[in-house]
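Here is the structure we will look at.
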Amino acid sequence: MIQYALKCENDHVFDSWFQSASAFEALEKSGHLSCVVCASNKVKKAVMAPRVATHDGDTTPKPLTDPTTDKEKALAALRKQVEENADYVGPRFAEEARSMFLGATPERAIYGEANGAEAKALIEDGIPVAPLPFVPNRKAN
């Protein structure tokens with residue numbers, strides 16, 4: 001997998017992962033890339049910094065770009081709020097949400113992952129859930 005910083009014709013900058021450099025090139029050539037902000041299909045690689053270990057050996061992934069627009073800053077603030085104030089339950093999200101709704105476990109703020117069928121079942125059963133506008137970090141709090 002390879003991560004690229006991308007930029008659309010409207011100067012929106014965002015990151016995306018690709019299976020390989022050739023996979024990126026094939027998607028770019030066929031017009032199957034689109035901006036996550038405005039949906040423009042005129043997307044090119046942006047200037048990006050290499051990921052290098054620091055003097056203390058830290059290789060923790062860092063974003064290739066910092067939020068620049070008001071929307072990007074709001075999304076970053078929402079992500080920070082969720083990650084600091086809720087428990088990440090990963091793929092157990094539907095099970096945990098249902099358990100809290102039924103009173104089997106104490107209520108608390110959670111976030112995680114659910115497939116379409118799980119999310120639909122939660123909603124149909126009246127369990128309050130909402131999608132997040134970002135992919136959660138895959139780590140436990």
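The values are calculated or read from the model by the stated rules, or taken from the named source; none is laboratory data. Keep in mind the model is a prediction, meaning the values are calculated, not measured. Note: areas computed on protein heavy atoms with side chains; ligands, DNA, RNA excluded. Shrake-Rupley method; radii C 1.70, N 1.55, O 1.52, S 1.80 Å.
Descriptive notes on the structure:
- The selection criterion, being among the acidic types (Asp, Glu) and at pLDDT below 90, holds for Asp58.
- Region 1-42: number of residues that are in a loop (DSSP other than H, G, I, E, B), open to solvent by 50 Å² or more (accessible area, probe 1.4 Å) and of a type in the set (Ser, Thr, Tyr): 1
- Looking only at region 92-126, residues that are more than 24 Å from Lys80 (Cα to Cα) and open to solvent by less than 90 Å² (accessible area, probe 1.4 Å) come to 12 in all.
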